[in-house]
Each structure stands twice: as structure tokens, then as C-alpha cells.
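**Q** Can you keep this structure in mind? I'll have questions shortly.
The values are calculated or read from the model by the stated rules, or taken from the named source; none is laboratory data. The structure presented is a predicted model; accordingly, all values stated were derived computationally and were not measured. Cβ placement follows ideal geometry from the backbone for every residue including glycine, while neighbour counts extend to all protein chains displayed. Surface accessibility is based on the protein's heavy atoms, side chains included, excluding ligands, DNA and RNA. Shrake-Rupley method; radii C 1.70, N 1.55, O 1.52, S 1.80 Å.
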Amino acid sequence: MPEGDPYDLPGLDMVKHRRAVKEWFVITFGAGKLCSRWPGKTEQNIRSSIRASAIMKAAQARYPFLERLQDVVPADVMASVPESYRQKAVGQYLMCLEAQIMLEAIGDIIKMGGIALPLHDALLVPESWSERAHDAIEQASIRQLERVLRVTI
């Protein structure tokens, strides 16, 4: 992964299009394929602000692995998924990894005497625990992914 903001795509005005870019990634990972057109359920303000295909081209330029999105799921896991569900396996697999990382981080915080509440892709902790929560998420990501996730406080 390149350094910096993961949503900062080349050639796009991120002040204007950040929300659309985030939505594009959610749709792409959830569907297991690159989003070239906005689905009908996409908010009108996003649909009218930028074409999904423009975001797709910029995302492909920054993240070449998107061309092989199905490779995100390990082969042995993908082999257990019925053919008709394989595209959706990408999003399900990524959500599962995220949940496992957060569960491990919460466990680590509890073992240290703290408390944490899960909030999608974040943890709610007392401010005095923010550094320890940061470290717990990083350590859990190393155990799950063998690499450190970028974590922001």
C-alpha cells in the first residue's frame, strides 16, 4: 500500500470527491468487482458529483492490485465458496478480517484492564487509552495479516 491517505487518488479533487471515493471503495469491495457505474441506490449528490468510472481509473492507477481483486481471498477459502457467491466473497472476507482484528484488539485492551467498544472499523476507548488502543489494533493486525495496518487516532 502506498503511504498517505488511502482515498487520495491521482487527478481527483479530494476535498470535493472524498465521500464519493470512499463510497466507490465500499461498493467495489462489497461487490468483489470494480465499480464502473454507480448503482441506482447511490446517493444522488455522489452520483452527480463524479462518474464512478473516473474514480475507477484513478483507483487502478494508485492500486494495481484492484485488477486482481478476487486474489484478496486466499485460494483455499475461495475454493470453499460456491461459484455463484465468489464475487461477494471479497467483501465478506475483508469484513471478517476486520472483525477478527478488532476482536483481538478489544481482548488485548481488556487484558490490560481497559474497556473498548467496537464501532465498525474503529474502537471507542477513553482518551487516556487511545495510544494503547492504537497499539492493540496494530498488534492484532500483525497477528492476522503479518503486517501493520495504518491506524489513526
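**Q** Are any residues in the stretch 21-34 under 14 Å from K57 (Cα atoms) and either touching an Asp or Glu at 6+ places or on another chain (Cβ under 7 Å) or open to solvent by less than 60 Å² (accessible area, probe 1.4 Å) (or both), and if so, which ones?
**A** Result: V21, W24, F25, T28, L34.
**Q** Of the residues R37, R68, R86, which single one is surrounded by fewer than 15 Cβ atoms within 10 Å (Cβ to Cβ), in contact with a helix residue (DSSP H, G or I) (Cβ under 8 Å, 6 or more places away or on another chain) and part of a helix (DSSP H, G or I)?
**A** Residue meeting the stated conditions: R86.
**Q** Which numbered condition in (1) over 22 Å from H120 (Cα atoms); (2) touching a residue at least 40 places away in the same chain (Cβ under 8 Å) is the only one that G30 fails?
**A** Among (1) over 22 Å from H120 (Cα atoms); (2) touching a residue at least 40 places away in the same chain (Cβ under 8 Å), G30 violates only (1).
**Q** Oh, and also: How many of the residues in the stretch 72-83 are surrounded by fewer than 15 Cβ atoms within 10 Å (Cβ to Cβ) and not charged (D, E, K, R)?
**A** So the count comes out to 6.
**Q** A further question follows. Would you mind stating whether E3 is open to solvent by 30 Å² or more (accessible area, probe 1.4 Å), out of contact with any helix residue (DSSP H, G or I) (no Cβ under 8 Å at 6 or more places or on another chain), free of Cβ contacts under 8 Å to residues at least 24 places away in the same chain and in a helix (DSSP H, G or I)?
**A** No: the conditions fail for E3.
**Q** Considering each of F25, F29 in turn, give the residue that is of a type in the set (A, V, I, L, M, F, W, C), at pLDDT below 95 and not in a loop (DSSP other than H, G, I, E, B).
**A** Numbers: F25 fails: at pLDDT below 95.
One residue alone meets the criteria, F29.
**Q** Another one. Quickly run through the stretch 116-150 and pick out the residues that are of a type outside the set (K, R), surrounded by 14 or more Cβ atoms within 10 Å (Cβ to Cβ), in a helix (DSSP H, G or I) and touching a helix residue (DSSP H, G or I) at 6+ places or on another chain (Cβ under 8 Å).
**A** Answer for the stretch 116-150, where residues must be of a type outside the set (K, R), surrounded by 14 or more Cβ atoms within 10 Å (Cβ to Cβ), in a helix (DSSP H, G or I) and touching a helix residue (DSSP H, G or I) at 6+ places or on another chain (Cβ under 8 Å): W129, A133, A136, I137, Q139, A140, S141, Q144.
**Q** To continue, here is another question. Does any residue in the stretch 124-135 that is closer than 20 Å to V148 by Cα come within less than 7 Å, Cβ to Cβ, of a residue that is loosely packed, with under 11 Cβ neighbours inside 10 Å and of a type in the set (F, W, Y) six or more places away or on a different chain, and which pairs are these?
**A** Short answer, once both residue conditions are applied: none.
**Q** Look through the stretch 40-57, keep the residues that are part of a helix (DSSP H, G or I) and either open to solvent by less than 10 Å² (accessible area, probe 1.4 Å) or touching an Asp or Glu at 6+ places or on another chain (Cβ under 8 Å) (or both), and return whichever of them is farthest from H17 (Cα to Cα).
**A** It comes out as A52.
**Q** Continuing with the same structure: Conditions: (1) part of a loop (DSSP other than H, G, I, E, B); (2) surrounded by fewer than 14 Cβ atoms within 10 Å (Cβ to Cβ); (3) in contact (Cβ under 8 Å) with a residue 12 or more places away in the chain. G113 meets all but one. Number of the miss?
**A** (3)
**Q** Continuing with this model, one more query. For residues that are at pLDDT 90 or above and either closer than 17 Å to Q144 by Cα or not aliphatic (A, V, I, L, M) (or both), tally how many sit in the stretch 84-118.
**A** 24
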